[in-house]
Structure formats: structure tokens, C-alpha cells
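In what follows, a single structure is set out as C-alpha cells and then discussed.
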Amino acid sequence: MIKYLFLDIDGVLNHDEWFESVHYRKHQENWKKSMFDPECVARVNKILEATGAKLVVSSSWRTMGDLKEIFEGVGLPTDFDITPHADTIYSREEYAYDSPVFWRGNEIKYYLDRHPAGNYVILDDDCDMLDEQLDHFIQTCGDKINTPNLYINNEGSGLTEKLMNKAIDILNGNTKETNN
């Protein structure tokens, strides 16, 4: 069965340390490239290579018309899927905006219900996942000031080496303890 890597962007491929870096400041004029930490991009590619997982973008960036061009420019695969936005799944008349049905976890569940997975990992800095997804969820730290414990636990911000290895282990079924 297919393995999936659900990818958020803000807080995973970019983070507060990246935005404070000299490299980011030098290349701000090309925001499409400077918004991504090259080390985090390389780690996503390593996860995909080591696991054979298919990339599924669950980030709010998924609605950008030029996302494939952006991914190509930074060295990410352009043959990705996207999760549907909750607005296309659920009616605003039926649910309040802050209802759990609008959590990213429900968007991912909707995708998985239509695309069965052998295994999957969710990389996201937000924690709006469903209980049934927690063993597959890796929370990155995008903001070390407001989430110092997560920053320490993850050994840095964004998609760190530690979190990359954890994602590979989960996708390849090499670990029993997967919760953060």
C-alpha cells in the first residue's frame, strides 16, 4: 500500500530561526525561494527517498496556483497531491468556523478515506489533528519563543534531523513509540 507524507509548510520548511538567518535576509527579494530553509527541504526529500512515500501538501499554501513552480525552484517534488480545504467538504451554514470539523486533521482524514494508506506521517507545527492520527503526527516547532519545550524536545525549529529520522521510522514501521 501507498505511504503518504502530509506536509505543512510554515513552521516545517520555514521557522523563526530561518527568518533570522543571514541567508534569508540576503535572498528576500526572491521570496519564493527564500521562504524555504534549504536544510528542511533536503530533509523532506530524504524522507521521501528513504520511504518511497508520496507527498501530499496539507498546508494553506496548497491553494497557490504556482506551488509546483515554487517547489521546483527549491528542489521539492512537483508530483504531489493536495488535501481538500475544509470549506469544500463542510458547509459553513452547518458548522461554526471554530468547529473541529475545520481542523487540518479532518482534511487529512477526508483524503485518507479516499486514498487508503499503508502508513502515513503528518508534519505540521499546529496541533489540530484527530486523536486517531496522533501516532502518525510529528509536531515541528516554528516559534521557539512561544513553544520553548517543543523547541528543546525537537532539538531546534522546523523539520530537524531528529524529526526527519522519526518520520522515516514511522513510515517504514521501525518504531513502537511514535508520539511526541
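The values are calculated or read from the model by the stated rules, or taken from the named source; none is laboratory data. Since the structure is predicted, the reported quantities are computational estimates derived from the model, not experimental observations. Using ideal geometry, Cβ is built from the backbone for each residue, glycine included, and neighbour counts are taken over all protein chains shown.
Tell me which residues, restricted to segment 122-132, are over 9 Å from the mean Cα position of the chain (by Cα) and either under 14 Å from Ala167 (Cβ atoms) or among the aromatic types (Phe, Trp, Tyr) (or both). Passing the criteria: none in range.
Would you check which residues across segment 124-180 are part of a loop (DSSP other than H, G, I, E, B), in contact with a strand residue (DSSP E or B) (Cβ under 9 Å, 6 or more places away or on another chain), more than 26 Å from Ser21 (Cα to Cα) and of a type in the set (Val, Ile, Thr) and list them? Answer for segment 124-180, where residues must be part of a loop (DSSP other than H, G, I, E, B), in contact with a strand residue (DSSP E or B) (Cβ under 9 Å, 6 or more places away or on another chain), more than 26 Å from Ser21 (Cα to Cα) and of a type in the set (Val, Ile, Thr): just Thr178.
Please list, ordered by residue number, the helices (runs of 4 or more DSSP H) wholly in segment 1-74 having 1 or more residues that are at pLDDT below 95 and among the small types (Gly, Ala, Ser).
On the way: elements: 16-19, 22-26, 31-34, 38-51, 67-74.
Result: 31-34, 67-74.
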